[in-house]
Each structure stands twice: as C-alpha cells, then as structure tokens.
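The structure appears right after this line, and notes come after that.
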Amino acid sequence: MRPRPLRRVLIANRGEIAVRIARACFDEGLECVAAVSEADRDSLAARLADGAICIGSAAATASYLNIGAVVGAAIAARCDAIHPGYGFLSERAELAQACAEHGITFVGPPAAVIRRGGDKVAARRAARALGIPVGEGSDAIASVAEAGRIAADIGYPVLLKAAAGGGGRGMVQVRREAELEEAFLRASTEAQQAFGDGTLFLERYVTNARHVEIQVLADGHGQVVHLGERDCSCQRRYQKLVEEAPAAAVPAHLRAALGEAAVRLARALDYVGAGTMEFLVDLDREAFSFLEVNTRVQVEHPVTELVSGIDIVRQQLRIAGGDALGFTQDDVALRGHAVEVRINAEQPAQDFLPSPGRIERWTLPQGEGVRVDTHCHEGYVVGAHYDSMVAKLICHGASRAEALDRLYRALGHVRIEGIATTVPLLRDLVGHGDFRADRINTRWLEDHFLPAWTAAPGRTGVAA
Amino acid sequence: MRPRPLRRVLIANRGEIAVRIARACFDEGLECVAAVSEADRDSLAARLADGAICIGSAAATASYLNIGAVVGAAIAARCDAIHPGYGFLSERAELAQACAEHGITFVGPPAAVIRRGGDKVAARRAARALGIPVGEGSDAIASVAEAGRIAADIGYPVLLKAAAGGGGRGMVQVRREAELEEAFLRASTEAQQAFGDGTLFLERYVTNARHVEIQVLADGHGQVVHLGERDCSCQRRYQKLVEEAPAAAVPAHLRAALGEAAVRLARALDYVGAGTMEFLVDLDREAFSFLEVNTRVQVEHPVTELVSGIDIVRQQLRIAGGDALGFTQDDVALRGHAVEVRINAEQPAQDFLPSPGRIERWTLPQGEGVRVDTHCHEGYVVGAHYDSMVAKLICHGASRAEALDRLYRALGHVRIEGIATTVPLLRDLVGHGDFRADRINTRWLEDHFLPAWTAAPGRTGVAA
Amino acid sequence: MSLEPSDIRRLLDAFEQSDWNEIRLSVDGVEVFISASDEAAPPATSPRAAVAPPATPAAPATTTSASAPAAATASSTPAEIPAGEAVRSPSPGIFWRSPSPGAPPFVEVGQHVEAGTVVCIVEVMKLMNRVVAGVAGTVVAIVVENSQQVARDQALVVIRPDAG
Amino acid sequence: MSLEPSDIRRLLDAFEQSDWNEIRLSVDGVEVFISASDEAAPPATSPRAAVAPPATPAAPATTTSASAPAAATASSTPAEIPAGEAVRSPSPGIFWRSPSPGAPPFVEVGQHVEAGTVVCIVEVMKLMNRVVAGVAGTVVAIVVENSQQVARDQALVVIRPDAG
C-alpha cells in the first residue's frame, strides 16, 4: 500500500502514551480518536482526543488486545490510521497485517519487518550477518543437552532467554552446570505460557553490564538516522526504573559504534518508522553485543526527545504518512543530558506491591527542563487491570549533574496522595552516590541499592 | 539596603500568578512559601511551594491586602524576600517600604519608584520632560471649569481619568460639553472611592486607538532593556481579554520609537525590576502617547516570554537579588508571534455574569507552542471572593496566523465543566475575520464584536 | 513547615516596630494572633498576642480572643426571621452591609425604605451587585452577617411592607 | 462523535472479510455487537450483529444478546455462601479461575484440595498473585465470577475443612 497523508488517527492504547499520541496528533494538525476500554471511557486521552470509541470491557484481551475491535473501531470511527503506542498490540505483526488488508495506515513498520525484528533469533542472525556482535550465545536450542554443550563452550554464568520473548519473562540466569536442567525447563515453560512459543536461546552472562539502546528513525525513502543512545541499566526484574540519554558511562567510541551498528541493522531489516536496537555493553571489556529490536515507540523515548529536540511520535506520524525525514544524520545534534524516572503505583518497601486506588491529591512540579508525561489527575482511579505506571518525570539539563539535581528537586515536589508510589525510592535512588557517579550496572539496583534501601530503619510497614 | 542573593521567597499572591512565581523560584533554585488566605489553604501554589502560611480570612482586606500580615508572614516563615505578583499589594509603595524597614527584599522597584510611577500625573510629567508625547491632555484638574477650558482647547471627545487610578475605574468618556459637569463629578467620586484620591486629569479621546505596552527590565546596575511590545487592544470595560506580541498592526517605526521611549522613561524614573510602560497608539495619525507605568509583572507577560525566550519572573527574582542583567538590548531577539486569551469563569452571553462553582471537569490541550498558566484543576472550587480568571491559554507560532490557528484549535480542545467560562466567546473572537485581519481598535470588542455575538441565535439562556 | 518560638518572637519584635493593626497567621494548626488594639483599652504600646498550640488535626486551633470587626457586631442575626418580604441574593457571593469598609451600613433594622432603595451589596468575583428593596416598607431583619458567603436566592434582608 | 449507519455498514463489510471473532464497540450510547459465532449454531458465514440505539443518558444502552464467555458460565455464583473456611483476596484485583484464558480452572466445586493448593489467581496491575487454600478440604463454593474485580479480603472460594 502506498503511504498517503494521515487525516484522522485511532489511538489504540491507553495511559500516558495515549495522551502522548493525542498531543502529537494535535501538533501535527491531525484529528484523533481514542479507542478506550470501558474502564477508560473518561480517560484524559479520551478528553484530549477529538472523539472516543469504546472497544470492549476493561480486561485487555477484550479490548486493547482485540485486533478485530481495534481495526473495527478505526473503520467505524472513520480513522485512516492506527497508532498502537507501546505494549498491547504494538509489536503484533497481525495488527499491521490487518491494517494493510483494510486500507488503514499502521503507524509502525510493515508486518514483515515486525516479524523479522520481533523474532529474536532471526534478528540476531541478521546482526551477525552484518558483523555486529551478538554476544557469545547461540541460535535456537533444541534440548538441555545442546544447551549444556554451548554453555560449557562460552563459560558460566549464562542466560537462557525466550526466542519470542521480552520483558524478562522466559529469562533465567544459570550460574553453574548443575542448575541447567531445571532452569531450562522453567524458562521453556515460562516462554510457552507467556508467548505461546517455548523456544530458547542462550548467551553469556556479563557481570559489569549496561543496557544501552539506540533510537532509530527510518523513512520509506531510504533515509535512516539514529538519535543517539539511552542507558537503561537501572532495572528491577528486567523492568526499567530510570533511563537516561546519553549513556555517559559508555566510552564515546563505543557509543559511536553502537549508533553505526543500529543504522546498518535497520537498513538490513528494511526498517521503516521509529525503532530501538538494544545492546548489552560490557564495561569491563569495552565491548557490546546486540540484544533485540523493539519495533515501536519506547516508554523512555522522552529522554531522547529532550536531548535531540526531535519529537519521535510526530516523526512516527509523518513517516507513516509517507513523508521523508526532513534531516540527515549530520543534522542530529544532541544537547545536554536527560533522565527519566517511572512513577509507579507501588509500595517499594513491600516488595513493590501494586497500590491501586483513587488519587486524592495529585500535584507535580513545573519548571524549565521538567517534563511530566501522565494520564493521571486528582480523582483518577488507578485500577487493577493495567500496569502500575502513573507518570513519567523527565528532567533535562546542560550536564548530567544538572539534570540529576533538577530531577532530585522535582521529585521532592511531587505530592501524590491516595495511592502509594515509588517516588520516595526514586528520590533516594537519584540522590545515591553510586548513581550520581554513574558507577552502576544492570545488577546494581537489585543487588546493591534495593537491599540496603529496604533494610533502612522505618522502611517496612510504611506505605510510602 | 544593599541587595543580597535571595534564598527563600514569600509568594504574597494567589491564583495562577502564585503558581507562576512558585515555578520561577523552582527554576532559580530558591525555596518559596505560599502566603494563602483561608480559602486558598489547599491551593496549587501552596502545594507546589516548599511551605504555606495562612495570612487571614478569605476576604482580601484581611489577607492579601493586609501589609502587616504579609510582611509578618515573611518574618515568621523565615523568608528573605516577598514577591507580590500583580494586583493586591503589588503596586503599593507601603509594602515595598515595610519590606525595606524589616530587612526583607521586595521583588519589585523601590518604594520611591513605585510612588513616582504610580502617580499618573507625576509619571506623565516625567515623560513630557523627556519629550515623550503624553497625549493632548492635562495635568491635574482643579475644577469643572478648568476641565471645560482644557476640553474646549483640545476638542471633544475627551476622557476624564483618575490620577491615582487604573483598571478603568474613575475613567469617563465625555462626548460633548453638556456632559462634562455630570461626568466630572462621577469620575471624581469613583476615583475617591476606589483609590482614596479624587484627583482627575483629562486627555483627548482617540477613535482608532490601539493599547500598546512595552515590557521593560532594569537591573540595579544601570542596565535597562525592553523586550518589545504587547498589543492589548481587545478590551471590555478596560479589562483585557486578548493580548499579543508583537503589535503587528502598528508600523515598525512606531514600535521602535515606543521601545526607545520606554527605556528612556525607565531610566528617568531610576527604574529597577520588571515594569510596563503603557501607550495609546493612534493608528490614523501614526502617533502615540504615554498612558501610565505599571510597576509589577503583568497578567499578559507570557506573550513576551514566548517571543523573547526570556523568563520575566525569573529576571525579577535575579534583579531583586542584585544580579546584573546577563544581556543587552542587542541580545534581545524576538521570534514569531504569541497570543494570550484569559479564560474567565463568566457567562459572556449573560453580560459576563460571574460563574463561581466547583470544577467538575478540567482538561486543557497540550501541544508544541501551547502554554497554559493556571491554578485550577478538577475538583477546584472557584469561589466568589476573588477575580474570575481561571486560566491563561497562550499560543506561540512562527507567524501571527500560525499562532492564531494554534490558539483556535487549542480553544476547541478545552473541556471545562461545572462552571461557565468565556471559552466559546474567545474561540469565536479568535476566529473572527476582523481579528484575524488585525483590523480592530480598543472599541472594537465592545462596539462591534460583542453586540453581534450576543445577538446570535441561541446565545442567551445558554450557560456556555 | 512549622512556626518555632523564635519565629514568633521575631514577628512580635517586628510588630512592635510597625504601625500594623492586626495579624493572624497559621501554619499547620499553630495559630498566631497579634492585635494592636484591645476591645476596651486604647491601643497599647505592647501588642496583645495569643498563640494557640496545635490542636487535634480534626479541629484546627483558633484563638477566641479576636474582637469582631465593627460591621459584624452591628449586624443582627435573629434566631427567628420575622415575617415580611425577603430581599434575596441575585447570585452566590459575599454579603456586604456597607458600600465600603468603615462606611455606615446601607440600612439598619427599623429603618424605612422605598422600593429600589439599596439595602446591601453582594460581591461575586470583584463584581459589586447592589441589591435593592422590592417594596416600600420597614426593615425588620438583616439575616446575614456582614462579609459572609451567601448562596443564590438566599434571604438577606426582611422588609415588612407598608400597609396599604 | 457518533456512529452513522454507513459506519456500521463498513464495519460489517470488514468483519465479513476477516477472521475476527467478536467486536463490541460503543460511541455515545450507540452500541454495536458483532460476533462470528452463535451460541448454538456453528460459526455462520454471515456474522450476527446487533445494534442498540442510544438509551437515556442515565442508563447506557447495552445489547442483551452477548454470549457469556465460557469461563464465566462455568462458575457458580450461589445466592447463599455455604459454611466453611473462606479463601480471601490478598489485594484488590481481578479474579481468575484458570492460569490462562482457555485453560481449565484451578479448582471446581466438589474437588478436594490440600493446604497450599492454588485455587485461583488475583491479578493486580499485571502482577499475578496465586492464591492458595489455607486448609485441606473440599471446595464447596466459588463465590466470585471469573474476571470480576474483587476487593482486598473479599471471600473468593469456600472450603469445608476435612474432619479431624
């Protein structure tokens, strides 16, 4: 299907990203319609949009994960495009396919590209073919015995991962051979349950690792640029808590190599749209390896927007409408440093127990270099059906220190009542010496920060 | 008193400007304490500030207008500065005086400058001494007979004005000699009641007039710059509804002359801080005359901030702390066009009847070049004690047309329920052909737009 | 934020050096009331001050020593409203008995008014609405205290119409 | 925004050309329900559609033709809860009887369970909490319908403990 300029976009998502897309549509002069579940009928996105259409009950399987309901809503609401946001159907090739079949523009890569990118084994194969390191790991593994041979070859510890997976599910660390069989079965079962595909692969486990990803934009006219990298090494159970741009702890020559690799990989995949190439950087060896492609906008895209000055969601809409990128790699100038924290409705001292409820008070700071992306407001009810993120707080500064100072002060001015949030934890984290000094790795939060934080006097029993 | 760097600022105001000041303090790295009346204990400014102190009951005379309470609150709350905002005590020399006596920095000009600037007759005398036109008017008038002689000299229609006044009170238009005596008594009585001073002066009434004002910044080191002009000709009963920068309808040579006159006048007054010099521009004669000085930040300051990129409230804080301006007149570059509308809790079709009440729904648009300054939120109760402004919506664009397009679309995305607002009127106004073509004057809104708008079918009886 | 004894001491010092009339501050339940005048005595050289400690959060502390403003003490608030024709508020707002603070009230109980006589002002968002008597008669009650909030259609003043 | 007849016609056309199972859309009280399957009949070539006109604003229109999901029909919702030990929800959330959609339920009424047997899942914000029986015994009631919201401490399943 030949791209054509968009006129009216269906927002097939919820929460802060639905608000973000509504804003991008406003900025691009496009109409938008919010596709909402029954729980989200009165959401901020529905109010900001030009209209709203309810696509099913609160359970995501009946609404945000129902391809027929989403495409049907676009047809009924006279939308000529669907923006899938992140999560839900955003990386489902079937949605892109259904859009193409019904003459609707999918704001994202074509179905074939999503399939190629979403299959981790295939994506790794493509990377390897380009000479991009993919880690001392394997292709798909057929059996425990094969896993044992490969693991012995590259040396323990190793990591078992789901070929179809993401978000940490189907991912198990194996420290020694004795653990392998049980771990293999567990990972395979998890992968089967979560993704309907139990295929695993295996890779070397890096001790001093940083999770670094490159934001790529590719138009349908052969132009591919990257907007620099993000460091997302602050993770708990493979969920990111803090993201920043640039990855100041990674040597410049590695960052340049990552950007170059990401662009080459995007070209090889015939990529179109916004995408992210994830890498693991081994700080000790000054080396990197490709992890996976995310064929959608990321939660953490704002940090890249703040340092690049480029609006990624608007670029997605323009590319989907057939526009060429209005700039080249040379035009991309990154300025300063940006840090994002995810504010979740959770009690971090109670093992991050979710904390749904009615928001009785909601005041977030305002200031230069302070950006808040949220769908919440006073009186909003954080329900049990969806994830716990209630806001993203993003701060920009001329330097990393300035950005962190600003973020620390901003976190001190957040006033949320009615639900517990991760704000107190995030403030302590942002103010922590190791984090300030950028001396962390992907294990730091779980292995060092959280145990000490949780053990601090007066921590437990207090709904933060 | 020698200026010293500020540390902790008392915000002696309420509403959106209190929020604005809290934000500027945040940006400057200063602590701030909100001085609130009993009605505003839970206000957004109180929440954004580092603390709040209640200074009296809801009636402004007992709180926001009580100099002792304001200065006492600063002392008790360990603040070293007071920002008075606009309205209330902001142009009362007594407050600046009391601050000086108690060792508190007043964020504004010294008491003597406020006195000189606030006395219209004195300010006009100063302007005339500099060769700045002050209109074919008079100094203070002693009697009806004297008013008659002067009016006959400059020709009817003329305008009687309060020497101590502002905001349209004590201001009466006189079309012919027969009306003079009654008008003189009325204006004098109004002036006496409103300002405690019945002194009047008289000036020529200009038919095709634009209200244009120059934003001035002066530090305590002899540096005075202006940030260009604002056009505030859309007025109803001398209350501004729409303000824009620059004043595109005024010829460039006149605008340059206004800026130069404003800076010279500020120098002559030994001005320190942010101030506004108001002028009347006679479009037919391509001439201007000085009206008055406002020795505070204006409601409409954001349009200047958007075109100049200079944060006026932060500059106020820096100047008060003794900083020199970090730029010269040559560094001030104005870019694009900005328009502000004031969203008031009023029913415009019912003669702008105030509409207090609880805000049941409150959603304002988000977008590039869209700024919202407000203290309101869902669940906020707009009370009867204070003025009716609930938000300012300000849009910036590369051209006047782009700014107006953006503003028109943004007004279409405002969703406020529970109170009536002026939004429907403002949208029709911004979309009106005369306004789009910039073919208006200070009488246009009341004499042309409003009669037609109010008479439109289905207008009355509908709470907008 | 909290008020410390030293904060209050500095405030008292400042008050003594000033010509301020009355200050009433509160922070988190701590209320400070300072008044230059005493109800009976002439203005004293030493200001009269009251500090209330924080009470239970449910009931914020207040000093009971406040002298009521002149206009408020002058108003009558009968338990029962006498019969007559009520002058009602045209809108929600603030009820004012006089045209400006310190000025004499528009009307007093017992006073005769004509239809159209201004009996009070209802202020709403800085708009001063003069409220007039609907009938000629005698003011028999002023139902609301000066400076109080009133609702739309609330009875403000009661007039017993002239016989006739 | 509103749904016009032509919008619904286009939607039906698209549905016929697809392999979609079920769509339920609503805009401002107009509800459209299209299902590929009929309760009794095997999947029909022509989809079954119902359009409900807008009702009064207070009561949004719904079609009553919806076939309840399989899991929901299988659950028992007794008017009276039999005596026994209640397994209660550890948090607010969504009650799930099976580990995944389509999978068999963890337990059925009449089934014997041990202390520690998983009887259901309560999902809260994508966190799946497995809820276990506190005692060995027989399941005598499943109090909540599958996929319903539950409150913290709400009884979910009732177990009659083994005698002994």
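Key figures
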quantity	calculated
Residue ID - nearest to the other protein chains (Cβ to nearest Cβ), chosen from residues in the range B:354-369 that are in contact (Cβ under 8 Å) with a residue 60 or more places away in the chain and not small (Gly, Ala, Ser)	B:Pro356
Set B:Thr207, B:Thr105, B:Thr199: member being hydroxyl-bearing (Ser, Thr, Tyr) and modelled with pLDDT under 85	B:Thr207
Selection count where residues are surrounded by 16 or more Cβ atoms within 10 Å (Cβ to Cβ) and outside any strand (DSSP E or B), scope the range A:326-376	18
Flag for B:Asp387 being touching a Lys or Arg at 6+ places or on another chain (Cβ under 7 Å), within 28 Å of B:Glu446 (Cβ to Cβ) and assigned to a loop (DSSP other than H, G, I, E, B)	yes
Some residue of the range B:107-116 being surrounded by fewer than 24 Cβ atoms within 10 Å (Cβ to Cβ) and not in a helix (DSSP H, G or I)	yes
Search result, residues across the range B:139-163 that are buried (at least 23 other Cβ atoms within 10 Å of the Cβ) and not hydrophobic (A, V, I, L, M, F, W, C)	B:Lys161
Hits in the range D:114-130 - residues which are within 14 Å of chain A (Cβ to nearest Cβ), surrounded by 15 or more Cβ atoms within 10 Å (Cβ to Cβ) and part of a strand (DSSP E or B)	D:Ile121, D:Val122, D:Glu123, D:Val124, D:Leu127, D:Asn129
All positions within the range A:277-303 that are in a strand (DSSP E or B) and within 30 Å of A:Ser388 (Cα to Cα)	A:Met277, A:Glu278, A:Phe279, A:Leu280, A:Val281, A:Phe290, A:Leu291, A:Glu292, A:Val293, A:Asn294
When residues of the range A:1-41 are limited to those that are among the acidic types (Asp, Glu) and touching a strand residue (DSSP E or B) at 6+ places or on another chain (Cβ under 7 Å), the one farthest from A:Ile53 (Cα to Cα)	A:Glu16
Count of the range A:57-66 residues which are farther than 14 Å from A:Ser90 by Cα and more than 7 Å from chain D (Cβ to nearest Cβ)	3
Subset of the range B:164-197 (residues that are of a type in the set (Lys, Arg) and exposed (fewer than 15 other Cβ atoms within 10 Å of the Cβ))	B:Arg175, B:Arg176, B:Arg186
Which numbered condition A:Val372 fails, given (1) over 22 Å from the mean Cα position of the chain (by Cα); (2) without any contact (Cβ under 8 Å) to a residue 40 or more places away in the chain; (3) more than 14 Å from chain D (Cβ to nearest Cβ)	(1)
Elements of type helices (runs of 4 or more DSSP H) in the range A:396-464, at least 2 residues being more than 28 Å from A:Arg335 (Cβ to Cβ) and of a type outside the set (Ser, Thr, Tyr)	A:423-430, A:450-455
Residues that are over 27 Å from C:Leu12 (Cβ atoms), out of contact with any His (no Cβ under 6 Å at 6 or more places or on another chain) and of a type outside the set (Gly, Ala, Ser), drawn from the range B:31-76	B:Asp42, B:Arg47, B:Leu48
Matching option when the condition is among the small types (Gly, Ala, Ser), assigned to a helix (DSSP H, G or I) and either at pLDDT 95 or above or in contact with a helix residue (DSSP H, G or I) (Cβ under 6 Å, 6 or more places away or on another chain) (or both), among A:Ala274, A:Ala191, A:Ala266, A:Ala249	A:Ala266
Strands (runs of 3 or more DSSP E) wholly inside the range C:1-64 that include at least 1 residues being at pLDDT 70 or above and in contact with a helix residue (DSSP H, G or I) (Cβ under 9 Å, 6 or more places away or on another chain)	C:22-27, C:30-35
Top-ranked residue in the range B:42-56 [being farther than 12 Å from B:Ile11 by Cα and more than 8 Å from every other protein chain (Cβ to nearest Cβ); ranked as surrounded by the most Cβ atoms within 10 Å (Cβ to Cβ)]	B:Ser43
Residue ID - farthest from A:Ala77 (Cα to Cα), chosen from residues in the range D:8-33 that are charged (D, E, K, R) and surrounded by 20 or more Cβ atoms within 10 Å (Cβ to Cβ)	D:Glu22
Unique residue being touching a residue at least 12 places away in the same chain (Cβ under 8 Å), β-branched (Val, Ile, Thr), farther than 19 Å from B:Tyr238 by Cβ and outside the structural domain of B:Lys240 (by TED's automatic domain parsing) when the list is B:Val144, B:Val158, B:Val174	B:Val144
Which numbered condition B:Ile21 misses (of (1) over 26 Å from B:Arg116 (Cβ atoms); (2) more than 12 Å from chain C (Cβ to nearest Cβ))	(1)
Whichever residue in the range A:330-353 is over 24 Å from A:Leu217 (Cα atoms) and either more than 14 Å from chain D (Cβ to nearest Cβ) or aromatic (Phe, Trp, Tyr) (or both) and, among such residues, is nearest to the chain's Cα centre (by Cα)	A:Phe352
Matching residues, the range C:110-131, being more than 17 Å from the chain's Cα centre (by Cα) and over 24 Å from B:Ser388 (Cα atoms)	C:Gly110, C:Gln111, C:His112, C:Val113, C:Glu114, C:Ala115, C:Gly116, C:Thr117, C:Val118
Qualifying residue in the range B:123-134 (condition: surrounded by 13 or more Cβ atoms within 10 Å (Cβ to Cβ), modelled with pLDDT under 85 and out of contact with any Lys or Arg (no Cβ under 7 Å at 6 or more places or on another chain))	no
Among the candidates A:Ala96, A:Ala69, A:Ala74, residue that is more than 11 Å from chain D (Cβ to nearest Cβ), in contact (Cβ under 8 Å) with a residue 12 or more places away in the chain and hydrophobic (A, V, I, L, M, F, W, C)	A:Ala96
Residue among D:Val135, D:Val144 that alone is in contact with a Leu (Cβ under 9 Å, 6 or more places away or on another chain), under 16 Å from D:Pro82 (Cβ atoms) and assigned to a loop (DSSP other than H, G, I, E, B)	D:Val144
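Listed here are the residues, each with its yes/no results for (1) touching a residue at least 60 places away in the same chain (Cβ under 8 Å); (2) within 19 Å of A:Leu6 (Cβ to Cβ); (3) among the hydrophobic types (A, V, I, L, M, F, W, C); (4) surrounded by fewer than 23 Cβ atoms within 10 Å (Cβ to Cβ).
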position	(1), (2), (3), (4)
A:Gly259	no, no, no, yes
A:Val263	yes, no, yes, yes
A:Ala268	yes, no, yes, yes
A:Glu278	yes, no, no, yes
A:Val281	yes, no, yes, no
A:Glu286	no, no, no, yes
A:Ser289	yes, no, no, yes
A:Val297	yes, yes, yes, no
A:His301	yes, no, no, no
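The values are calculated or read from the model by the stated rules, or taken from the named source; none is laboratory data. What you are looking at is a predicted structure, and each value in this text was computed from that prediction instead of being measured. We place every Cβ from the backbone using ideal geometry, glycine too, and count neighbours over all the protein chains shown.
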